[in-house]
Amino acid sequence: MHTVSIQTASKQYDVWIGEHVINQLTFFIQKNFADATKILIITDESVEKLHLKTVENKLSSFPVITYTVPAGEKAKTFDVFYACLTYMLEQHLDRKSLVLALGGGAVGDLAGYVAASFMRGIPFIQIPTTILAHDSAVGGKVAINHPLGKNMIGVFNQPEAVIYDTTFLTTLPLQELRSGFGEVIKHALISDVAFYHELQSQISDLSKVNVGYWSAILEKGILVKRAIVEKDEREANVRAFLNFGHTLGHAIEAEMGYGKFTHGEAIVIGMIFALRLSKQKCDLVFSIEEFIKWLKQLGYAYDIPENLEIDRLIDRMRQDKKSVNGTIRFVLLKELGIPVLVEMNEEEIRKELALFKGGK
């Protein structure tokens, strides 16, 4: 087991990473929430079948109830958010109740926002079950989606702890491994040349990565995020760098329909586009051809889906959280590990998207 301590302006908490660290959950709750009136586990339909019993068994001495939501981005809607709050009221949760987010990034985002909203805020614990959640479970950004934009409705709400049992990762399908690994690649590109080269040299087949190595690289990714979040909890400046690849990536997700294209796979396409822009705008020295060759080996798509219209993508990007007064801003790289925020006009973006989409 490894422990990473997160210290933000609003809260200090620990992230436990490793095999069987779910055992820490009982001790943590006994120490910090022994008087909890009720513990609500929010999970999704897929995770419920795989891991809910394991967690419930650890909490057999506590008053536990469960609410199950749809899997993936379908969980992050106003209707599901409202249904969670209704259930909490019906079950008479109060300010001494506790929420556990058991699942991937979507469950964590939803449950964290639900916990922040119920009675103006009750505590919650993140229990990630995916690789993608190594990014979303740390840092306190919780939200639901709006048809006009991803993660547009939410707050900053730091968890009490993150309990990241990597044995849960063994049940993930290959597509989910790809989705999560996209965010690992992002963390490496924006922070650490050596980390990026290690990933490229060590990983050629995601289905063959063992749990021990997942623990090691997820810890590195969390350390990257910690360094940024501790400087800028509420995304006033450098935290925006964590959105490398997300300006176009979120637009692709939204246009394809949430849940029809995984987050990490959309972000990979967004990173390729951002790397192309980085070479032009920042004189980045980097072989995109080699990068794409590696991504193809791992099974990623690397082009904008043909059915997506450039003007629609630009409309989506205009609504991106980094945009100010309608001006689109991209996170680019001056060098590997050195990100910058760059404003671009729409005509320039339209031209570059057309070239990218046309395979030039």
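Please treat every number below as a calculation from the coordinates, not as lab data. Keep in mind that this is a model prediction, so the values were computed, not measured. Here the Cβ is made from the backbone with ideal geometry for all residues, glycine too, and neighbour counts use every protein chain on show.
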From the residues HIS134, LEU50, PRO123, which one has its Cα farthest along the dipole of the stretch 1-153 in the positive direction, the dipole being from +1 and -1 charges on Cβ of Lys/Arg and Asp/Glu about the Cα centre? PRO123
What is the angle, in °, between the Cα long axis of helix 246-256 and the longest principal axis of the Cα atoms in the chain? Nearest 10 is fine, range 0 to 90. 80
What net charge do the residues around GLU335 carry, taking every other residue with its C-beta under 14 Å from that of GLU335, with Lys and Arg at +1 and Asp and Glu at -1? +1
Let me see the pair-distance distribution of the stretch 254-360: every alpha carbon pair, 10 Å bin width, integer percents in order. 13, 46, 37, 4, 0
Starting from the Cα of LYS49, draw a straight line to each of the lysines and keep only those under 17 Å, dropping any in the same chain fewer than 8 residues away. LYS58
Report, in degrees rounded to the nearest 10, the 0 to 90 angle that the Cα long axis of helix 78-90 makes with the longest principal axis of the chain. 10
Extension gain ASN210-GLU306, at 0.36 nm per residue separation less the Cα-Cα distance, in nm? 31.1 nm
Work out the length of the dipole vector of the chain about its Cα centre, built from +1 on the beta-carbon of each Lys and Arg and -1 on the beta-carbon of each Asp and Glu, and round it to the nearest 20 debye. 360
Could you tell me the convex hull volume per residue, in Å³, taken over the Cα atoms of the stretch 2-171? 104
On a 0 to 90 degree scale, rounded to 10, what angle separates helix 174-191 from the longest Cα axis of the chain? 70
So, in nm, how far is label LYS260 from label GLU56 when the simple model puts each one 7 Å beyond its Cα toward the Cβ? 3.5
Quote to one decimal, in nm, the extra length available between SER5 and MET119 on full extension: 0.36 nm per residue of separation minus the C-alpha distance between them. 38.3 nm
Globularity ratio of the stretch 45-85, using Cα Rg and 2.2 N^0.38 Å: 1.33
Taking only C-alpha pairs under 8 Å that are 6+ residues apart, what is the relative contact order of the chain in percent? 15
Picking from ASN307, ASN210, ASN243, which is most flexible by a Gaussian network model of the chain using Cα springs under 10 Å? ASN307
Under 20 Å from the Cα of LYS208 - lysines, other chains or at least 8 residues apart: LYS220, LYS293, LYS296
Ordered by packing density, taken as the mean number of other Cβ atoms within 10 Å over each peptide's residues, highest first, how do 170-182, 106-118, 16-28 rank? 106-118, 170-182, 16-28
Loop-resident trypsin sites (Lys or Arg not before Pro) in the stretch 229-267 with no more than 16 other Cβ atoms inside 10 Å, DSSP not H/G/I/E/B, are ARG234, LYS260
Whole-Å semi-axes of the chain's equivalent ellipsoid (Cα gyration tensor): 34, 22, 18
Could you give the length gained on full extension between ASN23 and GLN91, defined as 0.36 nm per residue of separation minus the Cα-Cα distance, in nm? 21.8 nm
